1. Before we move on, is V88 in contact (Cβ under 8 Å) with a residue 24 or more places away in the chain, β-branched (V, I, T), within 19 Å of D16 (Cα to Cα) and open to solvent by 40 Å² or more (accessible area, probe 1.4 Å)?
2. In the range 41-51, which residues are in contact (Cβ under 8 Å) with a residue 12 or more places away in the chain and either under 11 Å from the mean Cα position of the chain (by Cα) or within 13 Å of S82 (Cα to Cα) (or both)?
3. When the range 9-25 is examined, which residues are found to be open to solvent by 40 Å² or more (accessible area, probe 1.4 Å) and touching a residue at least 40 places away in the same chain (Cβ under 8 Å)?
4. Is it fair to say L41 is of a type in the set (A, V, I, L, M, F, W, C), in contact with a Leu (Cβ under 8 Å, 6 or more places away or on another chain) and surrounded by 14 or more Cβ atoms within 10 Å (Cβ to Cβ)?
5. Do you know which residues across the range 59-71 are out of contact with any helix residue (DSSP H, G or I) (no Cβ under 8 Å at 6 or more places or on another chain) and either of a type in the set (K, R) or open to solvent by 90 Å² or more (accessible area, probe 1.4 Å) (or both)?
6. Considering only residues that are within 15 Å of L75 (Cα to Cα), part of a helix (DSSP H, G or I) and of a type in the set (V, I, T), which ones fall in the range 22-61?
7. Considering only residues that are in contact with a Ser or Thr (Cβ under 6 Å, 6 or more places away or on another chain) and at pLDDT below 90, which ones fall in the range 1-45?
Amino acid sequence: MKDTYYFQHDCMTKQDEKIRILIRKFGMEGYGIFWSIIESLYINANALRTDYEGIAFDLRTDKNKVVSIINDFDLFIVVNGSFSSRAV
C-alpha cells in the first residue's frame, strides 16, 4: 500500500489578500499551482530548490508563472537558492 500524507488545509485561503491578488493575475490555475507547491513543501521538509524550470515541468505550466508565484506575492521565503513557506 502507498504511503498517504495529510495536512490541514485552511478553508479561508482564498480570502487572504495575497492569494486574491495571485488569483487576479493567474486565475484559478495560479491558485492550483500555489497549492501544488505547498503540497510539495509539506513532503519535502518545507524546503525546495528554486528549480523553476523543473517545478514548471512537473506542474505542466509556464516557468514564468512559477517564478512569479514563488517570488511576487510574499507567499514564500526565498533564500540562497531554495524556498519555504511560513504556513507549512
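The values are calculated or read from the model by the stated rules, or taken from the named source; none is laboratory data. In this text, all values refer to a predicted model and were calculated from it rather than measured experimentally. Note: ideal-geometry Cβ built from the backbone for every residue, glycine included; neighbour counts use all protein chains shown. Side chains are part of the model used for accessible areas, which takes the heavy atoms of the whole protein and leaves out ligands, DNA and RNA. Shrake-Rupley method; radii C 1.70, N 1.55, O 1.52, S 1.80 Å.
1. Spelling it out, V88 is indeed in contact (Cβ under 8 Å) with a residue 24 or more places away in the chain, β-branched (V, I, T), within 19 Å of D16 (Cα to Cα) and open to solvent by 40 Å² or more (accessible area, probe 1.4 Å).
2. Scanning the range 41-51 gives L41, Y42, N46, A47, L48, R49, T50.
3. Of everything in the range 9-25, those that are open to solvent by 40 Å² or more (accessible area, probe 1.4 Å) and touching a residue at least 40 places away in the same chain (Cβ under 8 Å) turn out to be D10, K18, I21, K25.
4. It is true that L41 is of a type in the set (A, V, I, L, M, F, W, C), in contact with a Leu (Cβ under 8 Å, 6 or more places away or on another chain) and surrounded by 14 or more Cβ atoms within 10 Å (Cβ to Cβ).
5. Within the range 59-71, R60, N64 meet the criteria.
6. If the condition is that a residue be within 15 Å of L75 (Cα to Cα), part of a helix (DSSP H, G or I) and of a type in the set (V, I, T), then I23, I33, I37, I38 are the ones that fit.
7. none
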